[in-house]
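Undergrad: Here it is, the structure in full.
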Amino acid sequence: MRKLLHLFEAGFVVGVYHLLGLLPRHAASAIGGAFARFVGPKLSLSKRARKNLRRFMPELGDDGIEHTIREMWDNLGRTAAEYPHLMKFTVFVPDADIELIGSEHIDAAKAAGKPIIFFAAHLANWELAGLVAARYGTPVHLVYREANNRYVETLFKRGRGEFAAGLIPKGASGARLAMQALKEGKHLGMLLDQKMNDGIAVPFFGVDAMTAPALGALALRFDCVILPAQVERLGSAAKFRVTVEPPLPVPQGADKDARMIALMTAVNARMEEWIRKRPGQWLWLHRRWPDPK
């Protein structure tokens, strides 16, 4: 039964994917945004988003929270609808779809001869960070969470595989692949804002949240340069900005656990800054924090 459901789900997703691919990118994005904006706020899933926003951004007020939820769904719908068009986004040409800021930090890391770990969050169209890195001549091995539906996973792999140097699924086997890539002087790209049940407790919006420690472990072991990469949607599907920020300082000292906590605290703090700047472009749907007692 599960296999049949997955086949049905995959058939639907593939059909929609190819249909959206036939449309101009801006039209596909607008349709995806409009549909998600209409349906999403009505779903029970949005209760989690409202709860998170009331808890961590109460200054928005009730009207601001509802506006943020509609914006969040609009962004999510656009991001999904833009997926068939990823390779059509332009960079480094006049009036490009994507503007890159901070390329000098990539240049400096490459000149130092060190492997780079780029980290981003599920903000705007987060897939564009890896695309821009590849177009800049610094393709990354993307560390990602595999889809539950293996048929849909094939579609995702095909889309990301067009610009990624490699795809590394999270887990024990993925950890070995990530270490091998860094040993060879290659670069990684990671999304670090999701919950990891067997992670480490690190402050995020002032509350300890279970956080994946992989970036910290790999960076400390292989002396990597850690580059934050913020993705912003500028108004609609038309324009994006990818900002590569100065490298995060790597904590020093003999206590590896303390260094790990300090580094991942800095990572979470950076992502929190991005989210507070553009709260409607982040996925507030995650069960990111433990419920208050």
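The values are calculated or read from the model by the stated rules, or taken from the named source; none is laboratory data. Note that the structure is a prediction, hence the values are computed from the model and not measured. Don't worry about glycine lacking a Cβ; one is built from the backbone with ideal geometry, like all the others, and counts go over all protein chains shown. Accessible surface is based on the protein model in full, side chains and every heavy atom, while ligands, DNA and RNA are left aside. Shrake-Rupley method; radii C 1.70, N 1.55, O 1.52, S 1.80 Å.
Undergrad: Among the listed pairs 114/186; 42/239; 157/239; 114/183; 88/239; 110/186, which are separated by more than 18 Å between their Cα atoms?
TA: In this structure, 42/239; 157/239 exceed 18 Å between Cα atoms.
Undergrad: Quick check on packing: order 267-276, 16-25 by the mean number of other C-beta atoms within 10 Å, highest mean leading.
TA: Highest-to-lowest ranking by the protection proxy: 267-276, 16-25.
Undergrad: Below 15 angstrom from the Cβ of residue 180, what's the summed charge of the other residues (Lys, Arg +1; Asp, Glu -1)? Spell out each step's value before the answer.
TA: Values: positive: 176, 183, 186, 221; negative: 184.
Taking every Cβ under 15 Å from that of residue 180, the sum is +3.
Undergrad: A further question on this structure: So, how do all the Cα-to-Cα distances of segment 86-217 break down into 5 Å bins, in percent, from 0 on up?
TA: 2, 9, 18, 21, 20, 16, 10, 4, 1, 0
Undergrad: Decide, for segment 1-104, between rounded, prolate and oblate: order the square roots of the alpha carbon gyration tensor eigenvalues as a ≥ b ≥ c, take rounded if a/c falls under 1.5, and otherwise choose prolate if a/b is larger than b/c, else oblate.
TA: Values: a/c = 2.18, a/b = 1.09, b/c = 1.99.
Because a/c hits 1.5 or more and a/b fails to exceed b/c, segment 1-104 counts as oblate.
Undergrad: For an R0 of 45 angstrom, estimate the FRET efficiency from the Cβ-Cβ distance between residue 66 and residue 103 and round to the nearest 0.05.
TA: 0.75
Undergrad: Express the accessible area of segment 78-213 per residue in Å², computed with a 1.4 Å probe while the remaining protein chains stay in the model. List each step's numbers first, then the result.
TA: Numbers: 5870 Å² over 136 residues.
Per-residue value: 43 Å².
Undergrad: Rounded to the nearest 500, what is the 222 nm mean residue ellipticity of the chain from helices alone, with -39500 (n - 2.57) per DSSP H run of 4+ residues and division by all residues?
TA: The helix contribution divided over the chain gives -15500 deg cm²/dmol.
Undergrad: Mind running the shape call on segment 222-293? Use the C-alpha gyration tensor, a ≥ b ≥ c as the square roots of the eigenvalues: rounded below 1.5 for a/c, prolate if a/b tops b/c, oblate otherwise. Mind dumping the intermediate values first?
TA: On the way: a/c = 3.54, a/b = 1.39, b/c = 2.54.
It comes out oblate by the Cα gyration axes.
Undergrad: Based on the Cβ-Cβ distance from residue 22 to residue 293, what FRET efficiency comes out when R0 is 45 Å, to the nearest 0.05? Walk me through the numbers before you get to the answer.
TA: On the way: r = 51 Å, r/R0 = 1.14.
Efficiency for this residue pair is about 0.30.
Undergrad: Once the whole set of protein chains is in place, how much accessible area is left on residue 95, using a 1.4 Å probe, in Å² to the nearest 10?
TA: 130 Å²
Undergrad: Taking segment 130-174 on its own, what percent of its Cα-Cα pair distances exceed 13 Å? Walk me through the numbers on the way to the answer.
TA: Values: 543 of 990 pairs.
Tail of P(r) above 13 Å: 55 percent of Cα pairs.
Undergrad: Right, something else. Need the list of aspartates and glutamates near residue 51 for cross-linking: C-alpha distance under 20 angstrom, and skip anything on the same chain fewer than eight residues off.
TA: List returned: 59, 62, 63, 66, 71, 74, 193, 208, 272, 273, 291.
Undergrad: Another question, then. Principal axis extents for segment 183-256, Cα atoms only, whole Å, descending order, please.
TA: Principal extents (Cα only, largest first): 47, 34, 19 Å.
Undergrad: Binning at 5 Å from 0, report for segment 161-293 what percent of all alpha-carbon pair distances ends up in each bin.
TA: 2, 9, 17, 20, 21, 17, 10, 4, 1, 0
Undergrad: Roughly how many percent of the accessible protein surface of the chain is carbon and sulfur, given a 1.4 Å probe and a whole-percent answer?
TA: 60 percent
Undergrad: When all C-alpha to C-alpha distances in segment 143-203 are sorted into bins of 10 Å, what percent of pairs does each bin hold, rounded to whole numbers?
TA: 19, 48, 29, 4
Undergrad: OK, next. Express the C-alpha Rg of segment 32-154 as a ratio against the empirical globular expectation 2.2 N^0.38 Å, rounded to two decimals.
TA: 1.30
Undergrad: Hey, could you grab the Kirkwood Rh for the chain? Inverse mean 1/r over distinct alpha carbon pairs, Å, one decimal.
TA: Over the chain, the inverse of the mean reciprocal pair distance is 19.9 Å.
Undergrad: Now for a separate question. Could you pull out every whole DSSP H run in the chain that spans at least 27 Å of Cα extent along its own axis and averages 1.0 or higher on the Kyte-Doolittle scale?
TA: 2-22
Undergrad: Going by accessible area, probe 1.4 Å, with all protein chains left in place, what is the ranking of 173, 103, 29, 44, largest first?
TA: 44, 173, 103, 29
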